[in-house]
Amino acid sequence: MVDWVKKLTGEFIDIIQWLDDSNNTLVYRFERHNNEIKYGAKLTVREGQMAVFINEGQLADVYKPGMHTLTTQNMPILSTLKGWKYGFESPFKAEVYFVSTRKFTDMKWGTPGPATMRDKEFGIVRATAFGIYTIRIKDPGIFIRDISGTEGRFTTDAIQENLRGKIGLRIKEVMPELGLSIIDIEAKVTQMGAMLRERIGPDFEAMGLELCEVQVQDVGLPEEVEKAIDKRGAIAAVGNLQAYTQYETASAIHDAATTPNSAAGAGMGLGAGFAMGGNMVGQMGAAQAAANAGGSAAAMPPPLPAAATFHVAINGQQAGPFDMGTLQGQAGSGSLKRDSLVWKAGMAQWVKAGEVPELAALFANLPPPVPPAG
């Protein structure tokens, strides 16, 4: 459109309005030629909007929803800035910004990194959290002056990273302040959201915003804590440690049997089956002996202590548990090495077989690893 057409149409503008067809626009600047507005123009402000007039960088009149006729009578601040003591008839210049005051929902936040916490059950742990929040513009003047400035269209994308960071940092303060175990903290997500809103609300108000709601949707637990929770649940489900050992053995056999083309897995599963079968036969023999003695448990000596059994890490998979006889055969065949990772009940973590006193004797008659050439 050529300049003279723009000028002509600008002089005849008599309706100022904004039809918002987006879902993320916070502020929209009404565009017209040379910022000229006709005296007596109709300003239409719809529900969920406010209109702000700015003259030469100064905030002037602010209009709430409704239809307004622009005259000196209903433009008191702009009239004062312009020095219109006796009214005017010619077009005047001013910038008009429409501000959306509706709620913007489903805005996402998350911790920028794990929060370090002291847990009474697991010691020092690192947890994450994420959720959504809701905002709306509360003070259009502050928001335009301090945040959006003279942008023609200012959207949530331009400010979301800043707001997400404010919430993500404060949640790292709130979680330790609750003083709860990491297991119990997930049941307090509603309380955490309320604490965040109360804590960060003033920061948002300083930007002309209202933080309407903060939802904590999930708390991410460390992998080692999740494994510990699963193991505790399994122990509680089977009732005792002996039953739990049988449960893990059956799981290992199933994993080995369902792993295709895995000769080592099949061998380990078979060894585990022999070990579990031996334990079951021993238990059945003890029961039969008690029956032959007339069922008198008091006349029977206590059962022998169970021999130590170990789990072995093979190709990144857990196998076992295996008794010492099975482990000795594996050491002789070379499938169990000094640097193979092993674990048994009571050990804090997986360690090399050669560093376990009970297993070190299995390698006493075996040559050490061949040193590298050169």
So if I check each of THR116, THR44, which one is closer than 30 Å to LEU178 by Cα and of a type in the set (Val, Ile, Thr)? THR116
I'm trying to understand the selection: among the residues of segment 330-349, which are touching a residue at least 60 places away in the same chain (Cβ under 8 Å) and within 40 Å of the chain's Cα centre (by Cα)? ALA345
Just checking, does segment 95-106 include any residue being surrounded by 16 or more Cβ atoms within 10 Å (Cβ to Cβ) and under 18 Å from GLN217 (Cβ atoms)? yes
Counting only residues that are part of a strand (DSSP E or B) and modelled with pLDDT under 90, which one in segment 18-57 is surrounded by the fewest Cβ atoms within 10 Å (Cβ to Cβ)? GLU36
Please enumerate the residues belonging to segment 84-132 that are more than 30 Å from ASP184 (Cβ to Cβ) and part of a strand (DSSP E or B). PHE92, LYS93, GLU95, VAL96, TYR97, PHE98, VAL99, SER100, PHE104
Output the helices (runs of 4 or more DSSP H) that fall wholly within segment 135-221 and possess 1 or more residues being without any contact (Cβ under 8 Å) to a residue 40 or more places away in the chain and under 19 Å from THR116 (Cα atoms), or say none. 160-177, 189-205
THR80, sole failed condition from (1) of a type outside the set (A, V, I, L, M); (2) modelled with pLDDT of 85 or more; (3) in a strand (DSSP E or B); (4) more than 27 Å from ASP21 (Cα to Cα): (3)
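The values are calculated or read from the model by the stated rules, or taken from the named source; none is laboratory data. Everything numeric here is computed off the predicted structure, so don't read it as measured data. Here Cβ is always computed from backbone atoms with ideal geometry, including for glycine, and neighbour counts include all displayed protein chains.
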